[in-house]
Amino acid sequence: MKRRAAVFFLVAVLFAAERYDQPYRPQYHFSPARNWTNDPCGLVYALGRYHLFFQFNPEGAQWGHMSWGHAASPDLVHWTEMPVAVRKDAGVMIFTGSSVIDRDNTSGLCAKPGCIVSIYTGHRPKSASAPQVQNQNLAFSNDGIVWTKYKGNPVLDTGKADFRDPKVFWHEPSRKWVMVVMLPRERKAQFYGSADLKRWRHLSDFGPAGATGGDWECPDFYELPIDGDAKNTRWVLKIGLNPGHFAGGSGEQYFIGRFDGQRFTNENPPDRTLWVDYGRDCYCEFTFNNDTNPGAPHALGWMNNWQYAGKVPTSPWRGQMTVPRTLSLRTTPQGIRLVQMPAAAIESLRERAFTVGGSDVDSLNAKLAGKSRNSGSFDLIATIRPGAARRIAFKVLGAVVGYDVRAGLIYVDRTHAGDVSFSAKFPSRTEAPAPLRNGALKLRILADRSSIEVFADDGLAALTNLVYPKSPAAPSLSADGTVEGIDLQLWQLRSTWQRSQIR
Ligand code: FRU
């Protein structure tokens, strides 16, 4: 009898794994079928697909044996997991980096021009006979499936213990490859230039500046138009910080300025810190290289925090990505700011639309409660005119997504939401500025079984938080006074996982 139960359990677990249907399994965010992931890396659009590589442990659900896992997607939401692309070997782990299309075969590595060259940090841990070393290396692929490590690796080695996470791109005005790479302990971004991806010349350093309370990691660097004006652009230098994020643990900041092909100049005072995401769970957000599709640039990050990433209660995988986001710059009274909104592809997953206009709290709740089939994966857009209310709060996956009207702050409180027991650092409340515009608050909330991403003020504020609810109850609203009016649209989001997509 016991044996039968065990066999049944095993079959159920395997079946759930096949269907990507375990408790907390995100339905439209990427997570590997099994094992550990942290940073996305090497993001590139190539051969008609988005390629997402990710820090991956092929051997278990804890950090270790770091290699580049690989998934590909035509649209940023339907991912097919592929064989591991770049595997740890000879004691060298494959840390975070980037991928480029070598259109003119400058590296000489392509079978024909246009192959994918990935630039990663080789990490050799300290041993009895040698200290830790991190250096920069190449691997290349002609078919987007199989990667070969370059025989002349490493291509950039300064003998340093901490020197990692190269972001490489082609800089057309100066006709060269540019690498931004971190000196984590020194809180510095180093810029290098190269004609062939193999020989690198030091160009300049940036930092320390902004927040310096932890290691600097995972740089991204890209040029964006301001307010949609292609003639007026700025460069964004995004840097991960571990720990030292204002909300606790790891998180990210960005600098805005100009780049002349040699040097980045920060436009803001050196002590000004701009946060990428105000939640606890967005780290190493990267843009896709070579992406000229509508909505580009697109970016996604690791939806986790180093404070508790090794303890989150998911199995047989651990780690997932944020929703793909489309990035832009907007002029605000405080200066130019980064704007993030969910990529348009999310809208293709919408089903069972539910709309109310000019509603009050009670009738809205009555209608929402009637939505008995809530999958825990949904997209909610609300415009709320607070009227007499001072505090308005949605209940989402057991957490509170609230608005403090007087302070103009949007917050996510998961202190009492479901399972918070696995780490004392997990229960928390995070907040972001989101002033009313024309007397109204506009919110977009994406929920996906174990995550809540809130975009307020048309994308000027993003808050990304994990949550492990007991059950995916339908969202509901509360307020401490009479709300003037609520317009709300809610869609369930279809799962993007199909058996055939899981290799
Ligand atoms: C950031 C990071 C990177 C490093 C990778 C190792 O999360 O520490 O700096 O390349 O993770 O997995």
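Convex hull volume of the Cα atoms of the stretch 107-233, normalised per residue: 155 Å³. Summarised as an ellipsoid, the stretch 146-189 has semi-axes of 20, 18, 9 Å, derived from the eigenvalues of the Cα gyration tensor scaled by 5 and square-rooted, with the largest first. Backbone amide hydrogens, once placed in the peptide plane, bring Cys282 within less than 5 Å of Asn304, excluding anything fewer than 5 places away on its chain.
Each pair of Cα atoms in the chain enters the Kirkwood radius, and Stokes-Einstein at 10 °C and 1.306 mPa s then converts it into a translational diffusion coefficient of 68 µm²/s.
For the stretch 271-340, the alpha carbon convex hull comes to 125 Å³ per residue, rounded to a whole number. Taking other C-beta atoms within 10 angstrom as a stand-in for reagent exposure, Arg258, Arg164, Arg406 fall in the order Arg406, Arg258, Arg164, fewest first.
For each pair in Lys112/Lys160; Lys167/Lys231; Lys88/Lys126; Lys126/Lys176; Lys311/Lys367; Lys160/Lys238, compute the distance between the two Cα atoms and list the pairs where it is over 27 Å. Among Lys112/Lys160; Lys167/Lys231; Lys88/Lys126; Lys126/Lys176; Lys311/Lys367; Lys160/Lys238, the Cα-Cα distance tops 27 Å for Lys112/Lys160; Lys126/Lys176; Lys311/Lys367. The Rg/Rh ratio of the stretch 318-408, with Rg taken over Cα atoms and Rh as the Kirkwood radius over Cα pairs, comes to 0.99.
Scanning the chain for cysteines with no neighbouring cysteine C-beta under 4.7 angstrom from their C-beta gives Cys41, Cys282. What ranking of Asp215, Asp227 emerges when the number of other C-beta atoms within 10 Å of each C-beta is taken as an exposure proxy, fewest first? Taking fewest neighbouring Cβ atoms as first place, the list is Asp227, Asp215. Of Lys149, Lys112, Lys311, the sequence from fewest to most neighbouring Cβ atoms within 10 angstrom is Lys112, Lys311, Lys149. Let me test this: with uniform point scatterers at the alpha carbons of the stretch 425-485, what is the Debye-based log₁₀ I(q)/I(0) at q = 0.23, 0.24 1/Å? Reported log10 I(q)/I(0), two decimals: -1.17, -1.21. Once the chymotrypsin sites (Phe, Trp or Tyr not before Pro) in DSSP loops with at most 14 neighbouring Cβ atoms within 10 Å are cut out of the chain, the longest remaining piece is 1-245. Taking GluC sites (Glu not before Pro) as exposed when DSSP calls them loop and at most 14 other C-beta atoms lie within 10 angstrom, the chain has its longest site-free stretch at 268-503. Hydrodynamic radius of the stretch 66-166 by the Kirkwood approach over all distinct alpha-carbon pairs: 14.4 Å.
The H on the amide N of Ile392, modeled in the peptide plane, is under 5 Å from the matching H of Tyr403, Val405, each at least 5 residues off or on a different chain. Overall dimensions of the stretch 355-503, expressed as equivalent-ellipsoid semi-axes from the Cα gyration tensor (√(5λ), whole Å, largest first), are 25, 19, 15.
Relative to the longest principal axis of the Cα atoms of the chain, the long axis of helix 2-19 makes an angle of roughly 80 degrees.
Values quoted throughout were computed directly from the atomic coordinates according to the rules given, and no laboratory measurement underlies them. Just so it is clear, the model here is predicted, and its values are computed rather than measured. Here Cβ is always computed from backbone atoms with ideal geometry, including for glycine, and neighbour counts include all displayed protein chains.
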